[in-house]
Amino acid sequence: MAKKRTKAAGADVDWYLISIDRLKQVGLVVLILLLGAAGYWFHQQAKGNPRSNAESAIADARQALNALASSKDFSIHRPEFDRAQRKLEEANTLFGGAKYVEAQGAAVESQTISRTAVSGGGDRENDAQFLNVEGDVKYQKGSSGDWKNADTRAPLFNGDWVKTGDHSSAELIFSNNSIYTVGSNALLEIYSQLNPATSKKTNEVKMQVGSVEVATTDDQSTVRTPGTRVVVESDSTTHVGVDRNQSTAVVTTKGSTEVTSTAGGEAVKLASGEKVSATAGGNISPVKKLLMPPAILSPADNQVFQMTGDLRVEFAWDTQQNATGYVLQVSRSRLFSTLEINSKRQNTTARAKVTSEGSFYWRVASIGPDGDTGPFSTFRRFRVSGGQRAGTTAVTADREPPKLQLNKPYSIGGPFFMIEGTTEPGATVFINDEEVDVESNGHFKKLVSFNKTGANAVVVKAIDPAGNQTVKSETVFVEE
(Lines give C-alpha, C1' and ligand atoms only; values in the text may rest on other atoms or scores of the structure.)
Protein backbone atom coordinates (compact mmCIF):
# COMPACT_ATOMS: atom_id res chain seq x y z
CA MET A 1 0.00 0.00 0.00
CA ALA A 2 1.33 3.43 -1.02
CA LYS A 3 0.32 6.94 -0.02
CA LYS A 4 -0.15 9.76 -2.61
CA ARG A 5 -0.88 13.41 -1.86
CA THR A 6 -2.75 15.65 -4.38
CA LYS A 7 -4.27 19.10 -4.34
CA ALA A 8 -7.87 19.65 -5.50
CA ALA A 9 -10.23 22.67 -5.16
CA GLY A 10 -7.89 24.37 -2.71
CA ALA A 11 -7.77 21.35 -0.37
CA ASP A 12 -5.15 18.74 0.37
CA VAL A 13 -6.42 15.18 -0.18
CA ASP A 14 -4.66 11.96 0.94
CA TRP A 15 -5.12 8.95 -1.35
CA TYR A 16 -4.24 5.36 -0.41
CA LEU A 17 -3.36 3.01 -3.21
CA ILE A 18 -4.06 -0.67 -2.25
CA SER A 19 -3.10 -3.53 -4.49
CA ILE A 20 -5.58 -6.20 -5.56
CA ASP A 21 -3.47 -8.92 -3.84
CA ARG A 22 -3.61 -7.06 -0.53
CA LEU A 23 -7.42 -6.82 -0.82
CA LYS A 24 -7.58 -10.56 -1.37
CA GLN A 25 -5.50 -11.17 1.76
CA VAL A 26 -7.72 -8.94 3.89
CA GLY A 27 -10.83 -10.64 2.54
CA LEU A 28 -9.40 -14.08 3.36
CA VAL A 29 -8.69 -13.06 6.97
CA VAL A 30 -12.23 -11.72 7.36
CA LEU A 31 -13.65 -14.93 5.90
CA ILE A 32 -11.61 -17.08 8.29
CA LEU A 33 -12.79 -15.03 11.25
CA LEU A 34 -16.40 -15.39 10.14
CA LEU A 35 -16.04 -19.14 9.66
CA GLY A 36 -14.40 -19.47 13.08
CA ALA A 37 -17.24 -17.58 14.74
CA ALA A 38 -19.79 -19.72 12.93
CA GLY A 39 -17.96 -22.90 13.94
CA TYR A 40 -17.84 -21.82 17.57
CA TRP A 41 -21.58 -21.04 17.48
CA PHE A 42 -22.34 -24.41 15.90
CA HIS A 43 -20.15 -26.21 18.45
CA GLN A 44 -21.93 -24.49 21.32
CA GLN A 45 -25.30 -25.43 19.85
CA ALA A 46 -24.25 -29.02 19.15
CA LYS A 47 -23.05 -29.55 22.72
CA GLY A 48 -26.64 -29.48 23.87
CA ASN A 49 -28.02 -31.31 20.84
CA PRO A 50 -29.16 -34.86 21.76
CA ARG A 51 -28.78 -36.05 18.17
CA SER A 52 -25.18 -34.82 17.95
CA ASN A 53 -24.36 -36.29 21.35
CA ALA A 54 -25.77 -39.65 20.28
CA GLU A 55 -23.85 -39.60 16.98
CA SER A 56 -20.61 -38.84 18.81
CA ALA A 57 -21.22 -41.59 21.39
CA ILE A 58 -22.00 -44.14 18.66
CA ALA A 59 -18.81 -43.21 16.80
CA ASP A 60 -16.75 -43.60 20.00
CA ALA A 61 -18.42 -46.94 20.73
CA ARG A 62 -17.65 -48.20 17.23
CA GLN A 63 -14.01 -47.17 17.61
CA ALA A 64 -13.75 -48.90 21.02
CA LEU A 65 -15.34 -52.06 19.60
CA ASN A 66 -12.83 -52.13 16.73
CA ALA A 67 -9.99 -51.69 19.23
CA LEU A 68 -11.26 -54.68 21.20
CA ALA A 69 -11.60 -56.78 18.05
CA SER A 70 -7.97 -56.08 17.12
CA SER A 71 -6.54 -56.62 20.62
CA LYS A 72 -4.23 -59.55 21.37
CA ASP A 73 -6.63 -60.81 24.07
CA PHE A 74 -9.68 -60.84 21.78
CA SER A 75 -10.23 -64.58 22.21
CA ILE A 76 -10.39 -64.13 26.00
CA HIS A 77 -12.82 -61.24 25.74
CA ARG A 78 -15.12 -62.62 23.05
CA PRO A 79 -18.14 -62.55 25.46
CA GLU A 80 -17.49 -58.85 26.16
CA PHE A 81 -17.17 -58.19 22.43
CA ASP A 82 -20.54 -59.82 21.78
CA ARG A 83 -22.18 -57.78 24.55
CA ALA A 84 -20.63 -54.54 23.33
CA GLN A 85 -21.69 -55.28 19.76
CA ARG A 86 -25.29 -55.96 20.81
CA LYS A 87 -25.36 -52.68 22.76
CA LEU A 88 -23.99 -50.83 19.73
CA GLU A 89 -26.68 -52.38 17.53
CA GLU A 90 -29.26 -51.33 20.11
CA ALA A 91 -27.87 -47.78 20.02
CA ASN A 92 -28.16 -47.66 16.22
CA THR A 93 -31.74 -48.93 16.37
CA LEU A 94 -32.69 -46.32 18.97
CA PHE A 95 -30.99 -43.62 16.93
CA GLY A 96 -32.97 -44.65 13.85
CA GLY A 97 -36.14 -44.26 15.94
CA ALA A 98 -35.10 -40.72 16.97
CA LYS A 99 -34.62 -41.83 20.60
CA TYR A 100 -31.34 -39.96 20.90
CA VAL A 101 -30.92 -39.89 24.69
CA GLU A 102 -31.50 -43.66 24.94
CA ALA A 103 -29.20 -44.21 21.96
CA GLN A 104 -26.43 -42.25 23.66
CA GLY A 105 -26.84 -44.31 26.83
CA ALA A 106 -26.62 -47.62 24.94
CA ALA A 107 -23.58 -46.39 23.01
CA VAL A 108 -21.78 -45.29 26.19
CA GLU A 109 -22.50 -48.70 27.70
CA SER A 110 -21.08 -50.43 24.61
CA GLN A 111 -17.99 -48.23 24.77
CA THR A 112 -17.50 -48.99 28.47
CA ILE A 113 -17.70 -52.75 27.92
CA SER A 114 -15.12 -52.60 25.13
CA ARG A 115 -12.67 -50.28 26.87
CA THR A 116 -12.88 -52.17 30.16
CA ALA A 117 -12.03 -55.41 28.38
CA VAL A 118 -9.13 -53.83 26.46
CA SER A 119 -7.64 -52.12 29.53
CA GLY A 120 -8.17 -55.10 31.80
CA GLY A 121 -6.40 -57.71 29.68
CA GLY A 122 -6.97 -61.18 31.10
CA ASP A 123 -7.28 -60.11 34.74
CA ARG A 124 -10.10 -57.69 35.50
CA GLU A 125 -11.19 -56.32 38.81
CA ASN A 126 -14.76 -57.43 39.39
CA ASP A 127 -17.56 -54.86 39.65
CA ALA A 128 -19.50 -56.80 42.32
CA GLN A 129 -19.42 -60.07 44.19
CA PHE A 130 -21.84 -62.29 46.05
CA LEU A 131 -21.54 -61.67 49.76
CA ASN A 132 -24.27 -64.03 50.94
CA VAL A 133 -26.57 -66.49 49.15
CA GLU A 134 -29.77 -68.06 50.50
CA GLY A 135 -31.89 -70.49 48.52
CA ASP A 136 -32.12 -70.62 44.73
CA VAL A 137 -29.82 -67.86 43.42
CA LYS A 138 -28.26 -67.96 39.96
CA TYR A 139 -26.15 -65.68 37.77
CA GLN A 140 -25.48 -65.39 34.05
CA LYS A 141 -22.38 -64.03 32.34
CA GLY A 142 -23.67 -61.40 29.96
CA SER A 143 -26.38 -62.85 27.75
CA SER A 144 -24.71 -66.23 27.33
CA GLY A 145 -27.88 -68.09 28.28
CA ASP A 146 -25.96 -70.32 30.70
CA TRP A 147 -27.25 -69.78 34.26
CA LYS A 148 -24.95 -70.94 37.07
CA ASN A 149 -25.55 -71.46 40.77
CA ALA A 150 -24.30 -68.47 42.75
CA ASP A 151 -21.62 -68.70 45.41
CA THR A 152 -19.63 -66.13 47.34
CA ARG A 153 -16.52 -66.63 45.20
CA ALA A 154 -18.25 -65.75 41.92
CA PRO A 155 -17.21 -62.31 40.55
CA LEU A 156 -19.77 -60.19 38.72
CA PHE A 157 -19.11 -57.72 35.90
CA ASN A 158 -20.96 -55.12 33.92
CA GLY A 159 -23.67 -56.85 31.87
CA ASP A 160 -23.98 -59.93 34.12
CA TRP A 161 -27.42 -60.98 35.38
CA VAL A 162 -28.62 -62.22 38.78
CA LYS A 163 -31.94 -63.92 39.55
CA THR A 164 -33.51 -65.33 42.71
CA GLY A 165 -36.22 -67.94 43.16
CA ASP A 166 -39.01 -68.42 45.71
CA HIS A 167 -37.96 -67.82 49.32
CA SER A 168 -34.46 -66.91 48.17
CA SER A 169 -32.20 -63.91 48.65
CA ALA A 170 -28.69 -62.67 47.95
CA GLU A 171 -26.35 -59.94 49.13
CA LEU A 172 -24.04 -58.28 46.60
CA ILE A 173 -21.10 -56.09 47.56
CA PHE A 174 -19.90 -53.53 45.00
CA SER A 175 -16.50 -51.91 44.54
CA ASN A 176 -17.55 -48.88 46.64
CA ASN A 177 -18.61 -51.22 49.51
CA SER A 178 -22.33 -50.63 48.96
CA ILE A 179 -24.47 -53.66 49.83
CA TYR A 180 -27.37 -54.63 47.56
CA THR A 181 -29.77 -57.11 49.23
CA VAL A 182 -31.86 -58.80 46.54
CA GLY A 183 -35.27 -60.22 47.50
CA SER A 184 -37.15 -63.28 46.25
CA ASN A 185 -38.22 -63.73 42.60
CA ALA A 186 -36.02 -60.89 41.37
CA LEU A 187 -34.14 -60.34 38.12
CA LEU A 188 -31.47 -57.66 37.73
CA GLU A 189 -28.49 -56.69 35.59
CA ILE A 190 -25.15 -55.43 36.88
CA TYR A 191 -24.56 -51.99 35.38
CA SER A 192 -21.13 -50.61 36.23
CA GLN A 193 -19.49 -48.03 33.99
CA LEU A 194 -16.29 -46.00 34.16
CA ASN A 195 -16.91 -42.27 34.48
CA PRO A 196 -14.21 -40.62 32.30
CA ALA A 197 -14.48 -37.36 34.26
CA THR A 198 -13.71 -38.94 37.65
CA SER A 199 -11.99 -42.21 36.59
CA LYS A 200 -14.35 -43.95 39.05
CA LYS A 201 -16.84 -46.68 38.35
CA THR A 202 -20.53 -46.14 38.82
CA ASN A 203 -22.23 -48.76 40.97
CA GLU A 204 -25.64 -49.60 39.58
CA VAL A 205 -28.11 -52.36 38.90
CA LYS A 206 -31.00 -52.49 36.44
CA MET A 207 -34.05 -54.01 38.13
CA GLN A 208 -36.37 -55.85 35.78
CA VAL A 209 -38.62 -57.27 38.50
CA GLY A 210 -38.46 -57.91 42.24
CA SER A 211 -36.93 -55.88 45.06
CA VAL A 212 -33.54 -54.71 46.23
CA GLU A 213 -32.41 -52.83 49.31
CA VAL A 214 -29.36 -50.62 48.85
CA ALA A 215 -27.19 -49.67 51.84
CA THR A 216 -24.38 -47.23 51.01
CA THR A 217 -21.28 -46.15 52.95
CA ASP A 218 -19.28 -43.10 51.82
CA ASP A 219 -20.40 -43.14 48.18
CA GLN A 220 -23.72 -43.08 46.34
CA SER A 221 -25.17 -46.02 44.41
CA THR A 222 -27.91 -46.31 41.83
CA VAL A 223 -30.84 -48.52 40.85
CA ARG A 224 -32.39 -48.21 37.40
CA THR A 225 -35.97 -49.37 36.88
CA PRO A 226 -38.28 -49.30 33.81
CA GLY A 227 -39.53 -45.81 34.74
CA THR A 228 -36.94 -44.28 37.06
CA ARG A 229 -33.34 -43.77 38.05
CA VAL A 230 -32.92 -44.01 41.83
CA VAL A 231 -29.74 -42.52 43.33
CA VAL A 232 -29.13 -43.56 46.94
CA GLU A 233 -26.91 -40.98 48.57
CA SER A 234 -23.95 -41.84 50.83
CA ASP A 235 -24.67 -43.33 54.26
CA SER A 236 -28.27 -44.11 53.27
CA THR A 237 -30.57 -47.12 52.92
CA THR A 238 -33.39 -47.38 50.38
CA HIS A 239 -35.73 -50.15 49.25
CA VAL A 240 -36.66 -50.32 45.54
CA GLY A 241 -39.34 -52.67 44.20
CA VAL A 242 -40.54 -53.38 40.66
CA ASP A 243 -43.78 -55.34 40.16
CA ARG A 244 -44.80 -57.39 37.13
CA ASN A 245 -46.53 -54.36 35.61
CA GLN A 246 -43.12 -52.63 35.74
CA SER A 247 -44.34 -50.09 38.28
CA THR A 248 -41.72 -48.90 40.77
CA ALA A 249 -41.98 -48.22 44.51
CA VAL A 250 -39.15 -46.45 46.36
CA VAL A 251 -38.95 -46.20 50.16
CA THR A 252 -36.06 -44.53 51.98
CA THR A 253 -35.42 -45.82 55.49
CA LYS A 254 -32.20 -43.95 56.25
CA GLY A 255 -30.49 -40.87 54.80
CA SER A 256 -31.71 -39.49 51.47
CA THR A 257 -32.49 -40.54 47.90
CA GLU A 258 -33.16 -38.84 44.56
CA VAL A 259 -35.65 -40.32 42.10
CA THR A 260 -35.60 -39.13 38.48
CA SER A 261 -38.09 -40.08 35.78
CA THR A 262 -36.80 -41.63 32.57
CA ALA A 263 -39.12 -39.17 30.83
CA GLY A 264 -37.07 -36.26 32.20
CA GLY A 265 -37.82 -33.52 34.70
CA GLU A 266 -36.44 -32.57 38.09
CA ALA A 267 -35.39 -35.17 40.63
CA VAL A 268 -37.74 -35.98 43.51
CA LYS A 269 -35.93 -36.02 46.85
CA LEU A 270 -36.83 -38.50 49.58
CA ALA A 271 -35.88 -38.37 53.25
CA SER A 272 -36.08 -41.20 55.78
CA GLY A 273 -39.60 -42.64 56.01
CA GLU A 274 -40.76 -41.24 52.65
CA LYS A 275 -42.07 -43.09 49.59
CA VAL A 276 -42.88 -42.47 45.93
CA SER A 277 -44.32 -44.70 43.21
CA ALA A 278 -43.76 -44.50 39.47
CA THR A 279 -45.31 -46.02 36.37
CA ALA A 280 -43.32 -47.80 33.67
CA GLY A 281 -43.57 -44.59 31.67
CA GLY A 282 -41.92 -42.55 34.40
CA ASN A 283 -44.90 -40.76 35.96
CA ILE A 284 -43.84 -40.20 39.60
CA SER A 285 -46.41 -39.84 42.38
CA PRO A 286 -46.28 -37.15 45.07
CA VAL A 287 -44.03 -37.89 48.04
CA LYS A 288 -45.80 -39.81 50.78
CA LYS A 289 -44.79 -39.90 54.44
CA LEU A 290 -44.92 -43.39 55.97
CA LEU A 291 -45.18 -44.32 59.62
CA MET A 292 -41.83 -45.22 61.10
CA PRO A 293 -41.45 -48.56 62.92
CA PRO A 294 -42.18 -48.79 66.64
CA ALA A 295 -39.45 -49.28 69.22
CA ILE A 296 -39.15 -53.02 69.83
CA LEU A 297 -38.90 -54.11 73.46
CA SER A 298 -38.57 -57.85 73.96
CA PRO A 299 -37.01 -60.33 73.55
CA ALA A 300 -33.74 -58.49 74.08
CA ASP A 301 -31.15 -58.74 71.34
CA ASN A 302 -29.23 -62.04 71.51
CA GLN A 303 -31.43 -63.34 74.34
CA VAL A 304 -31.05 -67.11 74.86
CA PHE A 305 -33.98 -69.41 75.65
CA GLN A 306 -33.61 -72.99 76.84
CA MET A 307 -35.59 -75.51 74.81
CA THR A 308 -38.46 -77.07 76.74
CA GLY A 309 -41.51 -79.05 75.75
CA ASP A 310 -43.74 -75.97 75.87
CA LEU A 311 -41.48 -73.01 75.14
CA ARG A 312 -43.32 -69.81 74.20
CA VAL A 313 -41.57 -66.60 73.28
CA GLU A 314 -43.34 -63.31 73.97
CA PHE A 315 -42.79 -60.35 71.64
CA ALA A 316 -43.50 -56.76 72.66
CA TRP A 317 -43.04 -53.33 71.10
CA ASP A 318 -44.06 -49.73 71.77
CA THR A 319 -47.17 -48.05 70.43
CA GLN A 320 -46.61 -45.94 67.32
CA GLN A 321 -48.79 -42.86 67.06
CA ASN A 322 -51.46 -43.03 64.30
CA ALA A 323 -50.75 -46.70 63.61
CA THR A 324 -53.82 -48.82 62.90
CA GLY A 325 -51.88 -52.06 63.28
CA TYR A 326 -48.49 -53.72 63.03
CA VAL A 327 -46.73 -56.44 61.06
CA LEU A 328 -44.57 -58.93 63.00
CA GLN A 329 -42.07 -61.05 61.10
CA VAL A 330 -39.93 -63.87 62.51
CA SER A 331 -37.38 -65.69 60.38
CA ARG A 332 -34.45 -68.05 60.63
CA SER A 333 -32.72 -65.87 58.03
CA ARG A 334 -31.37 -62.42 58.78
CA LEU A 335 -32.33 -61.55 55.18
CA PHE A 336 -35.91 -62.68 55.92
CA SER A 337 -36.00 -64.73 52.72
CA THR A 338 -38.18 -67.28 54.51
CA LEU A 339 -40.66 -66.44 57.27
CA GLU A 340 -41.69 -68.49 60.29
CA ILE A 341 -44.22 -65.79 61.23
CA ASN A 342 -45.68 -63.02 59.05
CA SER A 343 -48.62 -61.72 61.06
CA LYS A 344 -50.69 -58.53 61.24
CA ARG A 345 -51.41 -57.51 64.81
CA GLN A 346 -53.83 -54.97 66.24
CA ASN A 347 -52.05 -54.72 69.59
CA THR A 348 -48.39 -54.42 70.59
CA THR A 349 -47.73 -57.96 71.81
CA ALA A 350 -47.59 -61.47 70.38
CA ARG A 351 -46.83 -64.95 71.65
CA ALA A 352 -45.33 -67.82 69.65
CA LYS A 353 -44.56 -71.44 70.44
CA VAL A 354 -41.04 -72.55 69.52
CA THR A 355 -40.51 -76.23 68.75
CA SER A 356 -36.89 -76.32 67.56
CA GLU A 357 -33.55 -74.85 68.52
CA GLY A 358 -31.43 -72.37 66.59
CA SER A 359 -31.21 -68.65 65.86
CA PHE A 360 -34.26 -66.54 65.03
CA TYR A 361 -34.61 -62.96 63.81
CA TRP A 362 -37.61 -60.68 64.34
CA ARG A 363 -38.77 -57.20 63.35
CA VAL A 364 -41.90 -55.04 63.36
CA ALA A 365 -43.43 -52.44 61.00
CA SER A 366 -46.29 -49.97 61.50
CA ILE A 367 -49.46 -49.88 59.38
CA GLY A 368 -50.71 -46.38 58.58
CA PRO A 369 -54.32 -45.13 58.47
CA ASP A 370 -54.42 -45.70 54.70
CA GLY A 371 -53.28 -49.31 55.06
CA ASP A 372 -49.70 -48.77 53.84
CA THR A 373 -47.01 -50.69 55.71
CA GLY A 374 -44.01 -48.57 56.67
CA PRO A 375 -40.38 -49.63 56.88
CA PHE A 376 -39.41 -52.43 59.26
CA SER A 377 -37.42 -51.93 62.41
CA THR A 378 -33.83 -53.08 62.65
CA PHE A 379 -34.04 -56.79 63.41
CA ARG A 380 -33.23 -58.40 66.73
CA ARG A 381 -32.01 -61.93 67.22
CA PHE A 382 -32.76 -64.55 69.86
CA ARG A 383 -31.49 -68.09 70.21
CA VAL A 384 -33.07 -71.28 71.40
CA SER A 385 -30.67 -73.84 72.85
CA GLY A 386 -31.31 -77.56 73.08
CA GLY A 387 -30.18 -77.42 76.69
CA GLN A 388 -28.05 -80.56 76.75
CA ARG A 389 -26.36 -83.10 74.55
CA ALA A 390 -27.52 -86.67 74.34
CA GLY A 391 -26.13 -88.72 77.18
CA THR A 392 -25.93 -85.85 79.69
CA THR A 393 -28.33 -85.30 82.56
CA ALA A 394 -28.23 -81.49 82.69
CA VAL A 395 -26.65 -78.45 81.11
CA THR A 396 -24.26 -78.18 84.04
CA ALA A 397 -22.99 -81.70 83.26
CA ASP A 398 -21.81 -80.60 79.80
CA ARG A 399 -18.03 -80.24 79.84
CA GLU A 400 -17.32 -80.85 76.17
CA PRO A 401 -16.18 -77.79 74.14
CA PRO A 402 -18.26 -77.02 71.03
CA LYS A 403 -16.91 -78.10 67.69
CA LEU A 404 -15.49 -75.27 65.56
CA GLN A 405 -14.41 -75.69 61.96
CA LEU A 406 -12.98 -72.74 59.98
CA ASN A 407 -12.75 -72.44 56.23
CA LYS A 408 -9.72 -70.75 54.73
CA PRO A 409 -10.40 -66.97 54.72
CA TYR A 410 -10.59 -65.51 51.23
CA SER A 411 -10.29 -61.98 49.91
CA ILE A 412 -13.30 -60.07 48.64
CA GLY A 413 -11.08 -57.22 47.46
CA GLY A 414 -8.88 -54.64 49.18
CA PRO A 415 -8.85 -55.01 52.96
CA PHE A 416 -12.02 -57.19 53.03
CA PHE A 417 -11.92 -60.91 53.83
CA MET A 418 -14.73 -63.42 54.27
CA ILE A 419 -14.44 -65.45 57.47
CA GLU A 420 -16.65 -68.54 57.39
CA GLY A 421 -17.11 -71.78 59.32
CA THR A 422 -19.42 -74.06 61.31
CA THR A 423 -19.96 -74.70 64.99
CA GLU A 424 -22.42 -76.45 67.28
CA PRO A 425 -26.04 -75.27 66.80
CA GLY A 426 -26.97 -72.90 69.60
CA ALA A 427 -23.38 -71.77 70.20
CA THR A 428 -22.32 -68.13 70.18
CA VAL A 429 -19.46 -67.13 67.86
CA PHE A 430 -17.11 -64.15 68.15
CA ILE A 431 -14.67 -63.04 65.44
CA ASN A 432 -11.99 -60.75 66.86
CA ASP A 433 -14.27 -60.17 69.90
CA GLU A 434 -17.24 -59.15 67.73
CA GLU A 435 -20.32 -61.40 67.87
CA VAL A 436 -21.57 -62.78 64.56
CA ASP A 437 -24.82 -64.40 63.46
CA VAL A 438 -24.98 -68.19 63.63
CA GLU A 439 -27.55 -70.05 61.53
CA SER A 440 -29.74 -72.81 62.94
CA ASN A 441 -27.39 -75.44 61.45
CA GLY A 442 -24.31 -73.85 63.08
CA HIS A 443 -22.99 -72.13 59.94
CA PHE A 444 -21.60 -68.60 60.30
CA LYS A 445 -20.06 -66.08 57.94
CA LYS A 446 -18.86 -62.49 58.30
CA LEU A 447 -17.12 -59.94 56.10
CA VAL A 448 -14.19 -58.50 58.08
CA SER A 449 -12.15 -55.40 57.21
CA PHE A 450 -8.51 -54.98 58.29
CA ASN A 451 -6.82 -51.61 58.68
CA LYS A 452 -3.24 -52.87 58.70
CA THR A 453 -1.34 -54.00 55.62
CA GLY A 454 0.60 -57.23 55.87
CA ALA A 455 -0.23 -60.06 58.27
CA ASN A 456 -3.40 -59.82 60.38
CA ALA A 457 -4.64 -62.33 62.96
CA VAL A 458 -8.23 -63.59 62.92
CA VAL A 459 -9.35 -65.09 66.23
CA VAL A 460 -12.62 -67.05 66.22
CA LYS A 461 -14.23 -68.18 69.46
CA ALA A 462 -17.30 -70.42 69.89
CA ILE A 463 -19.10 -70.68 73.27
CA ASP A 464 -21.86 -73.21 73.94
CA PRO A 465 -24.81 -72.62 76.36
CA ALA A 466 -22.90 -74.40 79.16
CA GLY A 467 -20.02 -71.91 78.87
CA ASN A 468 -17.54 -74.26 77.20
CA GLN A 469 -15.50 -72.62 74.50
CA THR A 470 -13.29 -73.43 71.52
CA VAL A 471 -10.83 -70.92 70.05
CA LYS A 472 -9.13 -71.09 66.65
CA SER A 473 -7.11 -68.55 64.66
CA GLU A 474 -6.12 -67.83 61.08
CA THR A 475 -3.81 -65.28 59.45
CA VAL A 476 -4.71 -63.13 56.45
CA PHE A 477 -2.39 -60.93 54.41
CA VAL A 478 -3.55 -57.51 53.24
CA GLU A 479 -1.62 -56.16 50.27
CA GLU A 480 -0.64 -52.51 49.94
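The values are calculated or read from the model by the stated rules, or taken from the named source; none is laboratory data. Because the structure is predicted, anything quoted here is derived from the model rather than measured. Reconstructed Cβ throughout: ideal geometry from the backbone, glycine too, with neighbour counts over all protein chains shown. Side chains are part of the model used for accessible areas, which takes the heavy atoms of the whole protein and leaves out ligands, DNA and RNA. Shrake-Rupley method; radii C 1.70, N 1.55, O 1.52, S 1.80 Å.
For this structure, a couple of remarks:
- Zone of K403's modelled label, taken as backbone nitrogen in the range 328-367 under 17 Å from a point 7 Å along Cα→Cβ: 358
- Set K206/K452; K87/K269; K201/K254 screened for pairs whose C-alpha atoms are more than 26 Å apart: K206/K452; K87/K269
- Taking a straight Cα-Cα cut-off under 14 Å and skipping sequence neighbours fewer than 8 places away in the same chain, the aspartates and glutamates within cross-link reach of K461 are E420, E424, D433, E434, E435, D437, E474.
- E89/E434 FRET efficiency (R0 45 Å; Cβ-Cβ; nearest 0.05): 0.35
- Inter-label distance for A263 and Q469, nm, one decimal - labels placed 7 Å from Cα along Cα-to-Cβ: 6.2
- Entry comment: accessible area of the range 218-329 is 48 Å² per residue, from protein heavy atoms only and a probe of 1.4 Å.
- Set of aspartates and glutamates near K163 by C-alpha distance (under 18 Å), chain-local residues within fewer than 8 positions excluded: D127, E134, D136, D146, D151, E171, E189, E204, E213, D243
- Whole-number percent relative contact order across the range 262-377, with pairs defined as alpha carbons under 8 Å at least 6 apart: 28
- A simple spin-label model places pseudo-atoms 7 Å from Cα toward Cβ; at S285 and T453 they are separated by 5.1 nm.
- Other-chain or far-sequence residues with amide H under 5 Å of G273's (modelled H): T252, T253, K254
- In the range 289-366, the portion of solvent-accessible area held by carbon and sulfur atoms comes to 42 percent [1.4 Å probe, whole percent, DNA, RNA and ligands not counted].
- Kirkwood hydrodynamic radius over Cα pairs of the range 126-266, then Stokes diffusion coefficient at 10 °C and 1.306 mPa s, in µm²/s: 106
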